[in-house]
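Encoded as structure tokens, the structure appears first; notes follow it.
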Amino acid sequence: MQFLMSHYDRILQQVNQLELPQIIIWAAPVMFLLVMIEFIYSIKRNKNLYNKYDLAASVGIGLTNVLINSIIKGIIFVLVYTAYEFAPFKLPSSWWTIIPCLIAIDFARYWAHRVAHENRFFWATHVPHHSSEYYNLSVSFRLSWIQFVKFIFFVPVAAMGFDPFIFFIAHQIEVLYQFWIHTEVIRKLPRPIEYIFVTPSHHRVHHARNPKYIDKNYGSTLIIWDRMFNTFQPEEEQPDYGITKPVNSYNPVTLVFHELVDILKDMGKTKGLKNKIKILLGRP
């Protein structure tokens, strides 16, 4: 235990010496401004893209998530630095290593996202993001307060030898990319872009509960993984947004924890450890 605490303190000292650009924090004012512009556009054009209560829920969940991330960031840093220290080789801290790091993180995000739809426990850490029956830029803020458990999928990327500075820059770019694809205002883009990158059209499909759209388009920045692993679905008919079992609440606490509560209830009504584990780790 003393060794672990010593290791944790040493890593935190290294982190404190590392000046990481806070890309997402810098981008936050622009993101909120774009939400306001889209909100006003929706009213002016009678697009019905927003519901004020739904918007308040998304913002409330997002701000709380930022607070939680600021509290646990020390643990995340320790995981990344420890994985980097045990890497068999170290890649240089250079601008060109950001590109392979982005690709590696994006690949990990694809599988983390896919598992979050195919495993009920991880679905409980992701379902708030899908709970809105609207699709607008503010939905990108609607991230679960317990989604940090999925970070275990990214530790192997750090173990590939990417400098922690490069890793965190690439990770922030990946997260920031998610903002602009949550909109109905941008329709389909030119074919080369639609073929390689995740676009609003692709992600609208992912947020839909139309039977043909469910569990499709897991890609984060690159849509090529969905094409490779047979989870791609182009946007055809208009998406119907939300989850198949609506929450019918704008309470952030309910939106974040309702599935976890349902899991515990189902496990409580089920006999046998094996059956309880099936409920916890089976498909949603």
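What follows draws every value from the coordinates through simple rules; no lab data is involved. Everything numeric here is computed off the predicted structure, so don't read it as measured data. With ideal geometry, Cβ positions are generated from the backbone for all residues, glycine too; neighbour counts draw on all protein chains shown.
Below is a table of values for the structure above.
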read-out	value
FRET efficiency estimate (nearest 0.05) - Cβ-Cβ, Q238 to V149, R0 35 angstrom	0.55
For peptides 112-122, 48-58, sequence by mean Cβ density within 10 Å, most packed first	112-122, 48-58
Span-like helix ranges in the chain, DSSP H, alpha carbon extent 15 angstrom or more, Kyte mean at least -0.5	23-44, 52-85, 98-118, 164-180, 252-268
Highest-first arrangement of 242-255, 174-187, where packing means the average Cβ count within 10 Å	174-187, 242-255
Whole-Å distance, taken between Cα centres, linking the range 114-175 and the range 54-103	10 Å
Rg(Cα) / (2.2 N^0.38 Å) computed for the range 20-281, rounded to two decimals	1.03
Euclidean distance between Cα centres, the range 23-46 to the range 239-282, Å	32 Å
CD proxy at 222 nm, helix term only [per DSSP H run n ≥ 4: -39500 (n - 2.57); per residue of the chain; nearest 500]	-18500 deg cm²/dmol
Length gained when the stretch K90-N248 is fully extended (0.36 nm per residue, less Cα-Cα span)	51.9 nm
Relative contact order %, the chain, counting alpha carbon pairs below 8 Å whose residues are six or more apart	23 percent
Environment charge of D54, counting only residues whose C-beta is closer than 15 Å and scoring Lys/Arg +1, Asp/Glu -1	0
